[in-house]
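Note sheet for the following structure.
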């Protein structure tokens, strides 16, 4: 299980793809009984996978008793019920046993609405170089240590990463102070 | 200790007692420091949003690699059941068409199926993102500012003639409930036959339904079912309700 958490947090493309595919087929199999079309189920699976990674990053998966797969399926099941409820296909959603079971996952992830300030910051962030975005994301969002980032991105030593991070932060502050006009 | 290092330690929860006091005091007394803390907290949220967009793109790539061929089994063994089932199905469809017991409420059908199409083509791509007008338009779109996004997409299409911009302009208009304006754009988008044309077909069908142009919608939905990929299942359900 520790290995799965590492994959989710560090997100190497191939390992993540393997994990995605591994759970995908059994999820689709399991979700067949809900009579939803494949596109909808894949959308739900992807939302659940995003929520799973979110929980891994927030440390919510550190102390779970079930396997990661069971946890993912519970999120998926919750989302299926939510979808069905929105489509108003069931009447007694609130009372179903399944709903009670799945509601133990207290917070299934919802995409946050960005404040106007954050929307602006997002534009500046996207003007940074790819390496900068990567370093800042791994450090501030995924919560990796400088050592882990050094290893993850194949830098020579951690001092390079440290100064890279400071430089990127400085560039971001510069962009906030003197925003470049669009198209330049 | 540098401000940056102090904030990092705060985020990681590794401040010592003395550092914590220093942090609290700076937060209270230095406006530059508190601005920096706010910036990092916002950065955390923004980087997360971008990271999830990137994950969605990765998953779309994973999906494109998955072979979607249905499981093959011996058709012969099931032939008689298939024939029987087809006859029953035809009879049911004929019955439903004839009696039409459920006159479809097209507004409801539209509302329960329409959801603005995700930003898949482009860019809010990380790094090397130089096409800033397009970036701006998609940012507006993703932030659900559909009115402004539609204006931006229109301007961009005039300059670049990229066909997918029509699809997104139309989606922004649909989301803003400007169905009549969206329809000609979707029709135009279809004529380009680009890689998003199946998506375009689906949204045009929905727009027709909303405008009670059911016959035109049915033609498109049948094409979607025949092409058998995007939204096939949803199209089948809609067809049943419209017929």
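Would you point out which residue out of A:41, A:114 is part of a loop (DSSP other than H, G, I, E, B), within 12 Å of another protein chain (Cβ to nearest Cβ) and either crowded, with 16+ Cβ neighbours inside 10 Å or at pLDDT 90 or above (or both)?
Of A:41, A:114, the one residue that is part of a loop (DSSP other than H, G, I, E, B), within 12 Å of another protein chain (Cβ to nearest Cβ) and either crowded, with 16+ Cβ neighbours inside 10 Å or at pLDDT 90 or above (or both) is A:114.
Give me a count of the residues in region B:185-208 that are over 17 Å from the mean Cα position of the chain (by Cα) and within 13 Å of residue B:224 (Cβ to Cβ).
Of the residues in that region, 2 qualify.
Anything in region A:15-25 that is more than 10 Å from chain B (Cβ to nearest Cβ) and closer than 27 Å to residue B:224 by Cα? List them, or say none.
none
Would you say residue A:49 is within 21 Å of residue A:28 (Cβ to Cβ), more than 10 Å from chain B (Cβ to nearest Cβ), modelled with pLDDT of 90 or more and assigned to a helix (DSSP H, G or I)?
Taking the combined requirement at face value, the residue does not satisfy it.
Can you tell me which residue within region A:136-163, out of those that are more than 10 Å from chain B (Cβ to nearest Cβ) and buried (at least 20 other Cβ atoms within 10 Å of the Cβ), is nearest to residue A:176 (Cα to Cα)?
Across region A:136-163, the extreme among qualifying residues is A:161.
Scan region B:187-232 for residues that are surrounded by fewer than 16 Cβ atoms within 10 Å (Cβ to Cβ), free of Cβ contacts under 8 Å to residues at least 12 places away in the same chain and within 14 Å of chain A (Cβ to nearest Cβ) and jot them down.
Answer for region B:187-232, where residues must be surrounded by fewer than 16 Cβ atoms within 10 Å (Cβ to Cβ), free of Cβ contacts under 8 Å to residues at least 12 places away in the same chain and within 14 Å of chain A (Cβ to nearest Cβ): just B:228.
Taking the stated definitions as given, is residue B:145 modelled with pLDDT of 70 or more and assigned by TED's automatic domain parsing to the domain that holds residue B:214?
Yes.
Taking the conditions exactly as written (in a helix (DSSP H, G or I) and in contact (Cβ under 8 Å) with a residue 40 or more places away in the chain), does residue A:18 satisfy them or not?
No; evaluated as a whole, the condition is false for this residue.
Do we have residue A:59 as surrounded by fewer than 17 Cβ atoms within 10 Å (Cβ to Cβ) and under 22 Å from residue A:147 (Cα atoms) here?
yes
If residue A:32 meets every condition in (1) assigned to a helix (DSSP H, G or I); (2) surrounded by fewer than 20 Cβ atoms within 10 Å (Cβ to Cβ); (3) in contact (Cβ under 8 Å) with a residue 12 or more places away in the chain apart from one, which number is that one?
Evaluating residue A:32 over (1) assigned to a helix (DSSP H, G or I); (2) surrounded by fewer than 20 Cβ atoms within 10 Å (Cβ to Cβ); (3) in contact (Cβ under 8 Å) with a residue 12 or more places away in the chain leaves (3) as the failure.
Is region B:108-125 home to any residue that is closer than 30 Å to residue A:87 by Cα, more than 17 Å from the chain's Cα centre (by Cα) and modelled with pLDDT of 70 or more?
Yes: region B:108-125 contains one or more residues that are closer than 30 Å to residue A:87 by Cα, more than 17 Å from the chain's Cα centre (by Cα) and modelled with pLDDT of 70 or more.
For region B:151-173, does any single residue satisfy the condition of being over 30 Å from residue B:91 (Cα atoms), in contact (Cβ under 8 Å) with a residue 60 or more places away in the chain, part of a helix (DSSP H, G or I) and assigned by TED's automatic domain parsing to the domain that holds residue B:119?
Scanning region B:151-173 turns up no residue that is over 30 Å from residue B:91 (Cα atoms), in contact (Cβ under 8 Å) with a residue 60 or more places away in the chain, part of a helix (DSSP H, G or I) and assigned by TED's automatic domain parsing to the domain that holds residue B:119.
The values are calculated or read from the model by the stated rules, or taken from the named source; none is laboratory data. Please read these numbers as outputs of a predicted model, since none were measured by experiment. With ideal geometry, Cβ positions are generated from the backbone for all residues, glycine too; neighbour counts draw on all protein chains shown.
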